[in-house]
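Shown next, in structure tokens, is the structure this report addresses.
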Amino acid sequence: MAADLKNNFVFFEKNSSSVLPIASLTKLMTAVIATEYVNLEKEIEVTQAMLAPTSVPRLKIGQTYKAYDLLFPLMTESSNEAAQALSYFLGPQMFVELMNKKAESLDMESTVFADSSGISPVSAASAKNLFSLAKYLYFNRQFVLSLTNNSIDTSVYGAPKFSYLSNFNKPGNSSSIWKQFVGGKIGLTKASEQTIVSVFELELKNEKRPVAIIVLGSNNNFKDVEEIISRIKTFYE
């Protein structure tokens, strides 16, 4: 699905109402709840229960981290540990309840969150639901999108405890298309295959338009996004 966040114009869509596993796209909502309900200056001590399997382990038992610091590995390296740790600020059960209530408030009627990381195959949504989330992020939580794109102004918010983090949300050898990337999140599990929510500001007919591109159940999410943008430019530029 590809649609304009400002006027809801749909450029392309296919099976956009189908509810599918979303994997780590879940973490976009995790970041929303963390920024809206947790004092980001508050610290938490890491326990064994927070050390979920993750692609790049960074947390250590006994160390303390601010909620603010945990947002960085959460959003760039898709850290399941950071997602777990953030949920413990409020308690995992309450945290997930708030995620589902927020989804309901955004009219994401088909969305279910089972945890804060997206590990569970029960966590699912439709592309239309995720468009609603992308719209909320773009107009109300640009801070979260900035985290996903390494574009946050740390001189304002402060330098994070973690440094030299990788960014999994865009390809390493990015084409020029990705220079227009505002932010977004990828996901991957066996159940979900590759997923992505991405927001771009595309120049179309001399106008900069905020466009969300959402792909679920993909074999190559970055390639799919690039092909969709190419088609948008072909038909609408």
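Residue by residue, here is whether (1) modelled with pLDDT under 95; (2) among the hydrophobic types (A, V, I, L, M, F, W, C); (3) in contact with a helix residue (DSSP H, G or I) (Cβ under 8 Å, 6 or more places away or on another chain) holds:
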residue: 4; (1), (2), (3): no, no, no
residue: 21; (1), (2), (3): no, no, no
residue: 47; (1), (2), (3): no, no, no
residue: 66; (1), (2), (3): no, no, no
residue: 74; (1), (2), (3): no, yes, yes
residue: 79; (1), (2), (3): no, no, yes
residue: 83; (1), (2), (3): no, yes, yes
residue: 89; (1), (2), (3): no, yes, yes
residue: 93; (1), (2), (3): no, no, no
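Looking at segment 1-22 only, could you name the residues that are over 30 Å from residue 205 (Cα atoms) and in a loop (DSSP other than H, G, I, E, B)?
The initial filter retains those residues of segment 1-22 that are over 30 Å from residue 205 (Cα atoms), namely 18-22.
Within segment 1-22, 18, 19, 22 qualify.
Within segment 135-142, can one find any residue that is under 20 Å from residue 211 (Cβ atoms), among the basic types (Lys, Arg), crowded, with 16+ Cβ neighbours inside 10 Å and under 18 Å from the mean Cα position of the chain (by Cα)?
Going through segment 135-142, the residues under 20 Å from residue 211 (Cβ atoms) turn out to be 135-142.
Retained after the next criterion (residues that are among the basic types (Lys, Arg)): 135, 141.
If we keep only those that are crowded, with 16+ Cβ neighbours inside 10 Å as well, we get 135, 141.
With the extra rule that they be under 18 Å from the mean Cα position of the chain (by Cα), the set shrinks to 135, 141.
Taking every residue of segment 135-142 in turn, at least one turns out to be under 20 Å from residue 211 (Cβ atoms), among the basic types (Lys, Arg), crowded, with 16+ Cβ neighbours inside 10 Å and under 18 Å from the mean Cα position of the chain (by Cα).
The residue that is farthest from residue 132 (Cα to Cα), counting only those in segment 23-74 that are in a helix (DSSP H, G or I) and polar (S, T, N, Q), is 48.
Select, from 192, 151, 116, the only residue that is within 19 Å of residue 67 (Cβ to Cβ) and either touching a residue at least 60 places away in the same chain (Cβ under 8 Å) or in contact with a Gly (Cβ under 9 Å, 6 or more places away or on another chain) (or both). Break it down into steps so the answer makes sense when it comes.
Numbers: 192 fails: within 19 Å of residue 67 (Cβ to Cβ); 151 fails: within 19 Å of residue 67 (Cβ to Cβ).
Being within 19 Å of residue 67 (Cβ to Cβ) and either touching a residue at least 60 places away in the same chain (Cβ under 8 Å) or in contact with a Gly (Cβ under 9 Å, 6 or more places away or on another chain) (or both) holds for just one of 192, 151, 116, which is 116.
Condition first: closer than 30 Å to residue 19 by Cα, touching a Gly at 6+ places or on another chain (Cβ under 6 Å), of a type in the set (Gly, Ala, Ser) and at pLDDT 95 or above. Can you find one or more residues in segment 198-207 that meet it? Walk me through it before giving the result.
Looking only at segment 198-207, we keep the residues that are closer than 30 Å to residue 19 by Cα, and these are 198-202.
When the remaining residues are screened for being touching a Gly at 6+ places or on another chain (Cβ under 6 Å), the result is 198-199.
Add one more test, that the residue is of a type in the set (Gly, Ala, Ser), and what stays is 198.
Narrowing further to those that are at pLDDT 95 or above: 198.
The answer is yes; a qualifying residue exists.
This table checks each residue for (1) crowded, with 22+ Cβ neighbours inside 10 Å; (2) touching a residue at least 60 places away in the same chain (Cβ under 8 Å); (3) β-branched (Val, Ile, Thr); (4) assigned to a loop (DSSP other than H, G, I, E, B).
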site: 156; (1), (2), (3), (4): no, no, yes, no
site: 161; (1), (2), (3), (4): no, yes, no, yes
site: 166; (1), (2), (3), (4): no, yes, no, yes
site: 172; (1), (2), (3), (4): no, no, no, yes
site: 187; (1), (2), (3), (4): yes, yes, no, no
site: 209; (1), (2), (3), (4): no, yes, no, no
site: 214; (1), (2), (3), (4): yes, yes, yes, no
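Report yes if residue 20 is among the hydrophobic types (A, V, I, L, M, F, W, C), surrounded by 14 or more Cβ atoms within 10 Å (Cβ to Cβ), without any contact (Cβ under 8 Å) to a residue 60 or more places away in the chain and farther than 18 Å from residue 102 by Cα, otherwise no. When the stated conditions are applied, residue 20 does not pass them.
The values are calculated or read from the model by the stated rules, or taken from the named source; none is laboratory data. Everything quoted here is computed from the prediction, not taken from an experiment. Neighbour counts are summed over all protein chains in view; Cβ atoms, including those assigned to glycine, are modelled from backbone coordinates with ideal geometry.
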